[in-house]
Structures are given as C-alpha cells and as structure tokens.
Amino acid sequence: MPQLTYLEAIRQGLWEEMERDPSVFLLGEDIGPYGGAFKVTEGMQKKFGEDRVIDTPISESAIVGAAIGAALMGMRPVAEMQFMDFISCGFDQIVNMAAKIHYRWGAPVPIVIRGPSGAGVHGGPYHSQSNEMWFVHTPGLKVVAPATAYDAKGLIKSSIRDNNPVIFYEHKYLYRRIRDEVPAEDYVVPLGKAAVRREGTDIAVITYGAMVWTALEAADLLAQKGISLEIVDLRTLLPYDEQCVLSSVRKCSKVILLHEDTRVGGMAGELAAVIAEKAFEDLDGPIVRVTAPDTPVPFSPPLEEYFLPNVQKLTDAARQLAAY
Amino acid sequence: MKSGNSSRGAVHVPEAGGAEAQLAEQQERARQKDPQLLKDLLEKMLLVRRFEEKCAEMYTLGKIGGFCHLYIGQEAVAVGAITALEPQDAVLCSYREHGHALARSMDPGPVMAELFGKSTGCSKGKGGSMHIFDQSLGFLGGHGIVGGQIPLAAGVAFAAKYLNQPRVTLCFFGEAAVNIGSFHESLNLAQLWKLPVIFIIENNEFGMGTPILKTSSIRNLSEKAGSYEMARAVVDGMDVLSVYDGLSEAVERARKENLPTLIEARTYRFMGHSMSDPAHGTYRTKEELAEHRQRDPIKRYTSTLESLGIINQEYIDDLDSKIREVVGQAVTFADESPDPTAEDLTTNVYLP
C-alpha cells in the first residue's frame, strides 16, 4: 500500500472528490499556481482549471459567504483558510449563516472550511492557534480534526459528502511529519466516530490531532514502567463519539484528557462533564486534564515548548494518576 | 433613473420641483407600460402595506412577539425591484423582509404563521420575523445580521455562472450595511468575477436611530461602486416605476453581460426601526415624518394610475377589500395553526 504524508493524503482526498463530483470546487487565498501556503492544493489548478480551483482576494467573510451561497444552489465548495487563525475574519458567516441556515430554512449547506491549525512550528500568536472550540460550541456545525494520514483522506472525503457545514482542522505540525499507509482507492472515514489507537487497561487518554502521537509515544514509555495507557483519538469533535469515550473510561477507571488547545473552555472540560455525569461510579481517580495553559501561543521556541503539552508532561500526569 | 453619478446632493429633502414634478415623472413612466403590469404593482404594494399594518396590530395584541421590523413607506422598493425579475432569479434580503417575501409571491399564511411562531410557519417557528424563506421561489431570506447576506449573494450568483444557469441574483440591504466589511469584500468579488448580481441599497436614511449622515463619510452611496469599477444607479425609492425601470436595466446587464450593479434606492421608513420604538420623537421629529409621508409611494402611485384612467376609486376599493380578506385569511391560518412541540426543538439542527 502506498505511503503518503498527512498533507498528501488530504490532497488526494480533495483530488478524488473533485474527480468524482463536478459540484465540488475549491476557493481560497493562493491555492492556485502557488498551491496554498503549505502546498496542500499544489497541482490542482493545473489539473482542474481556474474555474474549479479559485484564487480569491484576502476576504475571509466573502470566501465563506460565497461558499454558502454556492452551496445553497447545490454546489459543494471547499474553502481554504490560509491559517485557521484567520478564520476569525469569516466568523459571522460561519456561526450565524452556515450553522443556522438548515435550522432556519431546512436548506442544506454542504460546505467544508479547511486549513492548518496548531503549534509546534514557531508560528507565534497568529499562526499557531487551536481555535476549534469556537465552532464546537456552535450547534449546526461539524468539527473534524484528523491525526493520521489515513484518516485525513477518509475524513476530508466524508466532510465534502456531508450535507452540513464542516470545519476541518488540519494540524500543520503533522503535514510532513506523519506518513502512513493510505489506500489509493476511494474510501471514507465516518464523521462522529472515534478510534482506539492503542488498547490499554490502566488509564484512558482521550485526545485528538497532533496530541495523538504524543500520547502514543508516552504510552510506549509508560508500558516499560508497567502502566498501560489506552489511547482514544476523537477524530470528530462535534458531534463527538460519547460512547467510545465512556467505554474506554469504564474499562480503565481512570482518565486523562489531553489537548493542545488552552485549558478553560477546552474540549477536556466538556469531556470531563460527560464522564462525571455518566461514568462517575466507574472512576477510581480524579479526572485529569493535560492541556496548554491559558495564554496565547508564544513564538520563542523555548516558550512554545513550555506552552505545549508533551510526552514528559503527559507521563508525569499519568504516573501520578496511576499511583492514586 | 440616473445612471452613473447622481446630481442629487441632499438625501434628506424631497427633490426640488416637489410633488407635481414627481407625479409628472411617474405618469411619463407609466404611459410606456402595460396596464396589467401597472395594476400588479399596485396590488403588490397594497398587499405589503395591509400585511404590515396587520402585523403591527397583531404585535400590539401580543400575537407576535420578539423583534418585528415593518416595511411601511418602503413598499415601492421591494415591489418595483422584485417585479423586474424572472421566476428563476434569486432574492436575498435583510431583516425587514416581510414585504419582499410577499412581493416574491410567497403565500402570506406561512409568513404570518412564522411571525406567530407556529409550526406551519415557513421556518416552522424557528426563525421568526427576520428569517422568512422559500427556496421554491428563489427567496433566500431573511437575514438578521446587518449585511450578512451580501457575501451569500455573491456565492448564489457565482453558482449561476458556474452551472451556466440563467439566474440573476438580487440582494437587498439597508444603507447602514454599506459600512460593514463584507459589503466591500463582496462588491470586489462580484466585479472581479463578473457575477450576475444586483446589490440594492435601500436608503431609508436611518440605521435604527442614527441618520446616515452620521455614519457615512459620503452621501451618494452608489458612488461606492466606483471603487470597484462597478456600474451604479440611483432610483427614487418612493416611485415604484423608477425602481422597476432602474432594476430592469441592471437585470439586463446581469443577464446579458454577467455584470453586477450597485443601486441606491432613496426611500423612507414611516414606522420605527422595530415595533419597540416610536415612529418619531427620539431621532426624528413629527414634522419630518409628516413631510415624508406626503411622498407616500402608494398614494402617489394611485394618483398616477387614476390620472391616466387606468384605475378608478371603485377599482381601488374592490382591490383593498380583496387584499384585506387575503391578509385576514393569513391571520386566521396563523391563529388556528398548532404551536411547535417540544420534539420539534431538536429537529433541523443537522441534516442526515
């Protein structure tokens, strides 16, 4: 089976959907000859033409709004945000228009807004954020965050075929660092389904995005110390796979909620609430969060290292919880 | 219609020449039109007027709650503009859009039921006054965020061009919306991509309670099109035929040349911003309102048609009672419709 990077897998998913369905088109800043800031759409305008791979002005509100309007007319636009940090410029169109049109009118809005998020590349405060919770708190949207190349392809294809607006968080740190087996043929990964990345018995670690890899590395180290982690990759944050989360928590009786996003109002808070509501009796220890602190993302490499959760921070937390 | 830059400097006073000159201009426009079209325009305007008056009554009775923005005074704009369209065209509006929905021939029953919050409303009671919608008529809302619909209109027009469908998109918004960023983003996109879309500014002079002179650095709002090398026009928003003629020209430009137009329709709102504020007393005087009421678009138009012998008082009376009956039926429909149930709360959030 071919080995593809996370980035190549996303491109292949977009490419196949463009070939499969003429109503799919791409729009965004510098996605044409330039190929996108990270080259996700490299070669696509040459293949599909300027009519279907459209360079736009730097106008996020118009990009998202035009995508919504085109979707109302039966098209399936995929809009790129050059960095997910810039999505704030199109915020109104996403949360007030896209998210509520089906509710208000019953009309489908099958758009995908995708782009790079996350830290680890010294991008500083405006090019490193994990701002997914802005949209997880917006009923009517779906929010997706793949961790593997296989999932990145399967999830972008599912997102394009979904009849609801989907915000698709690619992790820029993974673009070229992750490579795995990606079938060359058509397949989809369903939205709303988590994956157990590693079976374990002592502590369930619920996470997503780049932190899945941090968790797997920590699990290897802790296994040598006799602590067995089960790693759950949420893959979709809204709607999230509550059953999968609860089943791993019940199995392990202890849980760590891990994410790169900041702490207050992060996904961990929501998961902690649902675990406390529905699996309280199954817990043998406190629900533990390992997250970034409540600060902007710093530029300076050592500061960024302090900011980000990492293997050390996770193993420390796991050892403490295991001993509880 | 005046193409290009307008020579009118002051927006706030009726044109020099006054009522007589305006009447003469309207008569001249009317002479060139089919009498049936002229009668249809009157019927639509009167329907909107009576519907909105009924809304005010129902609001006072507590049958309609929440926020309710009435269109009384501005009827000529929606009716004149939408009548210039074909059935395959698309219309997007702001939140003061009951009149546009009726002008687009939406059944008044589901519109009134939506205002009543009933399950038979066009949004099943989930949207209310600002979210009127009917995709089968190409009526794409009803948008409660100022200017939020402008980028959507660019996308709807883009799809028409992409899919090679002969659709013109007409996007209404108030004059206060020209100061939000997405207005400019969308105009740039529309001209850059040569989209068959018409942006129409309904300049009723007030963004809620603040006059346009306090919020816009320029008076002739259509001049903003110049920044994008877009065609522009100014129409008299109190003259349904001025609006109709101006739109017809822009529609042709969109349909034949795939080019957008920015139109400013100068109009005036006779009611408060919403049902929550008085028509005068805070940001405008009783006298100012009374002066503008002299320009009532329905009164002027009725006089024009009478003077040309197209209608007479008997016709007007018959039409009015017929329309009052239609509006009464809409109220009965809304009144007798069931409320939404608790089960309806969670439907329509996601599509399968």
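The values are calculated or read from the model by the stated rules, or taken from the named source; none is laboratory data. All of these numbers come straight from a predicted model, not from anything done at the bench. In this analysis, Cβ positions are derived from the backbone assuming ideal geometry, glycine residues included, and neighbour counts consider all displayed protein chains. Surface areas here come from the heavy atoms of the whole protein model, side chains and all, with no ligands, DNA or RNA. Shrake-Rupley method; radii C 1.70, N 1.55, O 1.52, S 1.80 Å.
Summed over region A:89-98, the residues that are open to solvent by less than 10 Å² (accessible area, probe 1.4 Å) and at the interface with another protein chain (Cβ under 7 Å from one of its Cβ atoms) give a count of 2.
Residue-wise test of (1) among the basic types (Lys, Arg); (2) open to solvent by less than 80 Å² (accessible area, probe 1.4 Å).
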position: A:Asp282; (1), (2): no, yes
position: A:Pro286; (1), (2): no, yes
position: A:Ala292; (1), (2): no, yes
position: A:Thr295; (1), (2): no, yes
position: A:Tyr306; (1), (2): no, no
position: A:Lys313; (1), (2): yes, yes
position: A:Ala323; (1), (2): no, no
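Remark: pairs (first residue in region A:76-88, at negative phi and more than 12 Å from chain B (Cβ to nearest Cβ); second residue of a type in the set (S, T, N, Q) and open to solvent by 40 Å² or more (accessible area, probe 1.4 Å); Cβ separation under 9 Å; 6+ apart in sequence or on different chains) = A:Phe83/A:Gln129; A:Met84/A:Gln129; A:Asp85/A:Gln129. One residue is enough: does region A:270-277 have a residue meeting the conditions over 20 Å from A:Leu237 (Cβ atoms), touching a residue at least 60 places away in the same chain (Cβ under 8 Å) and open to solvent by 20 Å² or more (accessible area, probe 1.4 Å)? There is no residue in region A:270-277 that is over 20 Å from A:Leu237 (Cβ atoms), touching a residue at least 60 places away in the same chain (Cβ under 8 Å) and open to solvent by 20 Å² or more (accessible area, probe 1.4 Å). Counting only residues that are within 16 Å of A:Asp233 (Cβ to Cβ) and either in a loop (DSSP other than H, G, I, E, B) or within 14 Å of chain B (Cβ to nearest Cβ) (or both), region A:145-173 holds 6 of them. Residues in region B:132-149 that are in a helix (DSSP H, G or I) and either open to solvent by 10 Å² or more (accessible area, probe 1.4 Å) or facing another protein chain (nearest Cβ under 7 Å) (or both): B:Gln135, B:Ser136, B:Leu137. From the list A:Val212, A:Val196, A:Val189, A:Val136, the one residue that fits, being within 13 Å of the chain's Cα centre (by Cα), under 24 Å from A:Pro239 (Cβ atoms) and surrounded by fewer than 24 Cβ atoms within 10 Å (Cβ to Cβ), is A:Val136.
Of the numbered criteria (1) in a helix (DSSP H, G or I); (2) at pLDDT 95 or above; (3) open to solvent by less than 50 Å² (accessible area, probe 1.4 Å), the one B:Leu70 fails is (1).
The single condition among (1) touching a residue at least 60 places away in the same chain (Cβ under 8 Å); (2) surrounded by fewer than 21 Cβ atoms within 10 Å (Cβ to Cβ); (3) of a type outside the set (Lys, Arg) that B:Leu187 does not meet is (2). Output yes when any residue across region A:16-26 is at the interface with chain B (Cβ under 8 Å from one of its Cβ atoms) and more than 25 Å from B:Met130 (Cα to Cα), and no when none is. Yes: region A:16-26 contains one or more residues that are at the interface with chain B (Cβ under 8 Å from one of its Cβ atoms) and more than 25 Å from B:Met130 (Cα to Cα).
When B:Lys214, B:Lys194, B:Lys161 are checked against the criterion of being surrounded by fewer than 20 Cβ atoms within 10 Å (Cβ to Cβ), without any contact (Cβ under 8 Å) to a residue 24 or more places away in the chain and among the basic types (Lys, Arg), B:Lys214 stands alone in meeting it.
Restricting attention to region B:22-52, the residues that are among the charged types (D, E, K, R), free of Cβ contacts under 8 Å to residues at least 24 places away in the same chain and in a helix (DSSP H, G or I) total 1.
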